[in-house]
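Below: one structure, written as structure tokens.
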């Protein structure tokens, strides 16, 4: 049974009459990237603040790194690192001094603090800029320094709240590589992001938060299959073969000019195999087959708008009675 790094059941948070989180369940397996998506004001940052002990929840049972957040918040704090939407970097001091300050806050011995600082500056390619004021750093460098500072305490779980907002495409891709390396090293990453491509690239599982509730939960591919419009496209070069295929695939949409057939599909392996078996049985061979599924943008817009898409609540990886297995 998979250990959970983060397990939250029945999360609730209100500000006055406004309910921000309403019975939210989150289950994040250890050593994975979990992405929480949602429109502005959906409650993403509130969820991060609760899970990282910055604010309290109105209700809910929360375990982080195997520790009960309500009874052992200090143990939780020793397990986690947080990089918020706004940089914690002090621009008046150098990058190295920022790192050493963080080491002092973690009560590391001086020699240990310098060792960790040197290693992290090298790891994040900040050695050349280490002696320069952080105010002179580019946006991407400040973000790298921010995450390096988060890693001083060697956290097993990291919350990244919109870590690439405002970065140029190259810096964003560099940050993705850093996140992948963290997970390869055994770290669990809880990510919120405005960039759906980012969630698609990085996340093992994704949850979409809307109006205080989890609208859907699953892998990127599972979420894409919730949205209609997926199809399999067959292209032919021989008109005779094309006409034979069109005659046997009655539900396909024809394009006689391009010699292509478009068959509605959810993109699943089972449905693809069924179509391929049918083509083999009838002796029809397409010159090209492509599978098209909606992207996460389509999923996001459908789940956060008033559409007829069915509500797909999150299913915790482990039921509540197994919470003692949380790591």
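The values are calculated or read from the model by the stated rules, or taken from the named source; none is laboratory data. Nothing here was measured: the structure is a model prediction, and the numbers come from that model. Don't worry about glycine lacking a Cβ; one is built from the backbone with ideal geometry, like all the others, and counts go over all protein chains shown.
Values as computed for the structure displayed
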| read-out | value |
| --- | --- |
| Flag if residue 257 is closer than 30 Å to residue 29 by Cβ and surrounded by fewer than 18 Cβ atoms within 10 Å (Cβ to Cβ) | no |
| Cβ pairs under 7 Å, 6+ apart, first in the stretch 237-261 and over 16 Å from residue 290 (Cβ atoms) and assigned by TED's automatic domain parsing to the domain that holds residue 271, second part of a helix (DSSP H, G or I) and at pLDDT 90 or above | 254/246 |
| From 18, 49, residue being more than 25 Å from residue 301 (Cα to Cα), out of contact with any helix residue (DSSP H, G or I) (no Cβ under 9 Å at 6 or more places or on another chain) and free of Cβ contacts under 8 Å to residues at least 60 places away in the same chain | 49 |
| Unmet criterion (only one of (1) surrounded by fewer than 22 Cβ atoms within 10 Å (Cβ to Cβ); (2) touching a residue at least 12 places away in the same chain (Cβ under 8 Å)) for residue 86 | (2) |
| Options 232, 275, 309: the member that is at pLDDT below 90, more than 22 Å from residue 40 (Cα to Cα) and within 29 Å of the chain's Cα centre (by Cα) | 232 |
| Test: residue in the stretch 218-240 that is out of contact with any helix residue (DSSP H, G or I) (no Cβ under 7 Å at 6 or more places or on another chain) and closer than 22 Å to residue 51 by Cβ | yes |
| Residue list for the stretch 155-210, filter: on the phi > 0 side of the Ramachandran plot and either surrounded by 16 or more Cβ atoms within 10 Å (Cβ to Cβ) or modelled with pLDDT under 90 (or both) | 162, 166 |
